[in-house]
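Notes to accompany the following structure.
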Amino acid sequence: MAKKLWDKGFDTNEFVTKFTVGKDREMDLYLAEYDVLGCMAHANMLAKVGLLSVADNTALQGELKNLYKKAQDGQFVINDDVEDVHSQIEFELTAACGDPGKKIHTARSRNDQVVTAVRLFTRAKLQAIIESVKSLFDTYIELSNKYKDVLMPGYTHLQIAMPSSFGMWFGAYAESLSDDLWALLSAWKINNRNPLGSAAGYGSSFPIDRQMTSDQLGFDSPDYNSVYCQMTRGKAETAVATALAQLSQTLAKFAADCCLFMSQNFKFISLPKEYTTGSSIMPHKANPDVFELMRGYCNKISVLPFELNRITGNLTSGYFRDLQLLKESYLPVFERMQMCLDFMEFILPKIKPADDILKNEMYQPIFTVEALNEMVVAGVPFRDCYKEVGHQVMEGKFHWDKPLNHTHIGSIGNLCNDKISAYFQSTYKLFKFEKIADAIEKLTK
Ligand code: ARG
């Protein structure tokens, strides 16, 4: 028989319980540590406004610390007969402290509890992701500087186009990450506001102190309007998922480049053989499965905003049980994203660019614009030069072997990696991770 916070002396049908609880016992384990943090701040606040005695709060904080440690160590359990993490925590507090445990739910609802826990969970996981993006960014910049003079073909329509370099290629992905960081910052800001105290979505008649819980949990401010607090469920997740989708697309595009460039028809890059995978039938194979899976995982992540949007899109304001389902695809995505970032960081320095690619005759047409530009400098109008070089190519007479001299901002001779790094750093500073670490340290010590 299931134990319920909302028990009123009769049993709910077993099948109804099974259907409504769904995957919550599994999903809520992601949230345990963070729901405990929310409880700590809430109990402190209840004590401050006189809804809980100092002694009651002391008892609760002691047990909450035990639960926090358990959750951090992966030892927190949601019993089979308990609906969710919020119920489990209240039952544990009641078992350990008696009446104070039965008082903690004063002036709150599981509706604001779960939104708060998801926010705190998101913040912790997002911080780890952002730190990884930062180190991946540094690696791309390093590789860009290292290979700045190694030329490669640039393509449009996948047809050879203009000279490029490995410095340009790696550096492009560094700059892409710096725009992704902006998207992550926007998501971070939306996420880092406090819905706790909105209760079921309409506040309460108690004079609770929502600024206090915001400060204790390291949020930038409360999400003020209690109705809006509930409206953010799914909206904040979608903002975060959209930023992750953007980041994923950067990694997926790089992975797709690698798959192509490792092909025997290109041979622009290679991996040492221990990082390639084989075939069960073809003995010669050394496949780039690592980049194919990187692309696949990341493409999968990029679909998440659509799924979240479909769950919340046609709901009216106020809580609905549909919202519970957001957790199933949202909470696990952080592990996936983190794994992709960790693996990219691991494999990136193993990539070996080929030298002298452009020496191959087949790439001669890549230099047509160089030849044309030289004539422009000599005073011939651009369109006339264009026609002249075009005819040389058609008649098989085009040849070019002079050194390149590209100097403008963002060209192969002037990558501006220092500017790109400054841009990344200026965004990174705006996250203010220290402030959050301080708040959580104070709350849990
Ligand atoms: N498991 C629920 C969820 O994730 C918790 C909130 C339950 N609230 C309610 N009104 N039934 O949404």
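The numbers here are math on the coordinates, done by the rules we state, and not lab data. In this text, all values refer to a predicted model and were calculated from it rather than measured experimentally. Every residue, glycine among them, receives a Cβ derived from its backbone with ideal geometry; neighbour counts consider all protein chains shown.
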Handout entry: Debye equation applied to the C-alpha atoms of region 103-162, log10 I(q)/I(0) at 0.16, 0.22, 0.29 Å⁻¹
Key = -0.75, -0.92, -1.06
Practice task
Name the lysines eligible as straight-distance cross-link partners of residue 148: C-alpha to C-alpha under 24 Å, and not fewer than 8 places from it in the same chain.
Solution key: 134, 253, 267, 350, 352, 359, 402, 419
Exercise for the section: At 0.36 nm per residue, minus the direct Cα-Cα distance, what do residue 435 and residue 142 gain on full extension? Give it in nm, one decimal, please. Expected result: 102.5 nm
Completion exercise
The FRET efficiency for residue 8 and residue 320, from their Cβ-Cβ distance with R0 = 22 Å and rounded to 0.05, is 0.50
Handout entry: Theoretical ellipticity at 222 nm over the chain - DSSP helices of four or more residues, -39500 (n - 2.57) apiece, nearest 500
Key = -18500 deg cm²/dmol
Exercise for the section: Treat the count of other C-beta atoms within 10 Å as a stand-in for reagent exposure and order 173, 155 from fewest to most. Expected result: 155, 173
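I need the calculated FRET efficiency for the pair residue 281 and residue 149, taking r as the beta carbon distance and R₀ as 56 Å, to the nearest 0.05. Intermediate values should be presented prior to the final figure.
Numbers: r = 41 Å, r/R0 = 0.74.
Approximately 0.85, to the nearest 0.05.
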Fill in the blank from the handout: Full extension between residue 361 and residue 20 adds, at 0.36 nm per residue less the Cα distance, a length in nm of 116.1 nm
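Once the piece of chain linking residue 373 and residue 442 is laid out straight, how much longer is it, given 0.36 nm per residue of separation minus the C-alpha distance between them?
Details: separation 69, 0.36 × 69 = 24.84 nm, distance 6.44 nm.
Using 0.36 nm per residue and subtracting the Cα-Cα distance, I get 18.4 nm.
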Practice task
Over the chain, consider all pairs of different Cα atoms and compute the Kirkwood hydrodynamic radius from their mean reciprocal separation; express it in Å, one decimal.
Solution key: 25.4
Fill in the blank from the handout: For region 1-141, shape from the Cα gyration tensor axes a ≥ b ≥ c, cut at a/c of 1.5 then a/b versus b/c, turns out oblate
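Where does region 203-317 land on Rg(C-alpha)/(2.2 N^0.38 Å)?
1.73
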Practice task
If a/c stays under 1.5 just call it rounded; otherwise compare a/b with b/c (prolate if a/b is bigger, oblate if not). Do that for region 290-412, with a ≥ b ≥ c from the square roots of the Cα gyration tensor eigenvalues.
Solution key: prolate
Completion exercise
In degrees, nearest 10, the alpha-carbon axis of helix 54-72 is tilted away from the dominant principal axis of the alpha carbons of the chain by 40
Exercise for the section: Relative to the longest principal axis of the C-alpha atoms of the chain, give the angle of the C-alpha long axis of helix 417-428, reported between 0 and 90° and rounded to the nearest 10°. Expected result: 10
